[in-house]
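Asker: Shown below is the structure under consideration.
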Amino acid sequence: MVWRRILNPNDVRILLGVNKLDDQNGTIYEVEEIIMHENYTTNPNVYYAADIALIRVAEDIVFNDRIQPVKLASSKHPEDLLPVGTPVVVTGWGYTQACMEVTDETTNDLRMAKMIIYDFDKCQNDYLKELQKTYQTDDFGGLGWGLDRGMICCIGHSHTCKGDSGGPVVDERGIQVGIVSFGIVGLPDVNTNVWFYSEWIASNSKITES
């Protein structure tokens, strides 16, 4: 789960078991703790570095036919680090129109986008070219728009938008390999790499790598 702005657990509730936000059959959990990654944005040369956090709920989640856990990519399994071209699905309740329009509205229904893993070096170069065009300079040391290996990029006919950050990127095996992080219109979507941070997730939660 990506967490950037809300740091007070008392301001957050977790809604599970719904595909529509107005569905009255969901289950709401209180939040006990929000654990942000200690290196989040501390690297001045990387945009949204370590863009990952964990939410600990106040009571154990009860699984049923509407609520199920997702398996996470693990650094103990090299096959979980997906090759270029691997199909993935991204879901979220973000904006549904052009991302730059101020009249955008979020959706009541959970939406999905089919995408594929994009080459990291090409993705990094795509963002570099965009910066060169935007800022008319090759010196980006202080702009913080670089990428690092804690990120994976995706491309597709549909993309994520504002409000989708924190959403899951899941492969065809049902394993969550990424977390929606950021993007620029016309460029690949950038996601936090769950495989890269799997040891951090395990050490800061009750989840054990297997």
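No lab work stands behind these numbers, since they all come straight from the coordinates. Because the structure is predicted, anything quoted here is derived from the model rather than measured. Because the Cβ atoms are built from the backbone with ideal geometry, glycine has one as well, and the counts that use them run over all protein chains shown.
Asker: Per residue of the range 23-39, in order, report the coupling 6.51 cos²θ - 1.76 cosθ + 1.60 (Karplus, θ = phi - 60°) as ³J(HN,Hα) in whole Hz, putting x for Gly and Pro.
Answerer: With the stated coefficients, the range 23-39 comes to 5, 7, 9, x, 10, 9, 10, 6, 9, 9, 7, 10, 10, 7, 5, 5, 9 Hz.
Asker: Using θ = phi - 60° and the Karplus curve 6.51 cos²θ - 1.76 cosθ + 1.60, what whole-Hz ³J(HN,Hα) does each residue of the range 111-126 get, with Gly and Pro shown as x?
Answerer: Listing the rounded values in order: 10, 9, 9, 8, 9, 9, 5, 10, 4, 5, 5, 5, 4, 4, 5, 4 Hz.
Asker: Starting at the first residue of the range 162-172, write each ³J(HN,Hα) from the Karplus equation 6.51 cos²θ - 1.76 cosθ + 1.60 with θ = phi - 60°, in whole Hz, x for Gly and Pro.
Answerer: 4, x, 8, 4, x, x, x, 10, 10, 8, 5
Asker: Let me ask something else. Cβ neighbours within 10 Å, averaged per peptide: list 161-169, 86-94 in order, most packed at the top.
Answerer: Descending mean neighbour count gives 161-169, 86-94.
Asker: Can you give me the long-range amide H partners of THR86? Hydrogens built in the peptide plane at 1.01 Å from N, cutoff under 5 Å, separation of 5 or more residues or another chain.
Answerer: ILE117
Asker: Which of the listed residues, LEU128, TYR197, VAL70, is farthest toward the dipole's positive end in the range 67-203, when Lys, Arg count +1 and Asp, Glu count -1 at the beta-carbon?
Answerer: VAL70
Asker: List the residues whose amide H sits under 5 Å from the amide H of ILE52, counting only those 5 or more places along or on another chain, with H placed 1.01 Å from N in the peptide plane.
Answerer: TRP3, HIS37
Asker: While we're on this one: For MET151, what residues show an amide H to amide H distance below 5 Å, using hydrogens built from the backbone and excluding near sequence neighbours?
Answerer: Here the answer is ASN193, since their amide H atoms fall under 5 Å of that of MET151.
Asker: Using the structure shown, select from LYS71/LYS206; LYS76/LYS129; LYS76/LYS206; LYS114/LYS162; LYS71/LYS122; LYS20/LYS162 the pairs with a Cα to Cα distance greater than 24 angstrom.
Answerer: LYS76/LYS129; LYS71/LYS122
Asker: Taking the Cα atoms of the range 67-203, report the difference between the largest and smallest coordinate on each principal axis, in whole Å and largest first.
Answerer: Its Cα atoms span 46, 35, 28 Å along the three principal axes.
Asker: Taking the beta-carbon count within 10 Å as an exposure proxy, list ARG149, ARG66, ARG111 from fewest neighbours to most.
Answerer: ARG149, ARG66, ARG111
Asker: Sticking with this structure for a sec: By how many nm would the segment from GLU33 to LYS114 lengthen if fully extended, with 0.36 nm per residue of separation less the alpha-carbon distance?
Answerer: Full-extension gain reported as 25.9 nm.
Asker: Let me ask something additional. Magnitude of the Cβ-charge dipole of the range 67-203, K/R +1 and D/E -1, about the Cα centre, nearest 20 debye?
Answerer: 240
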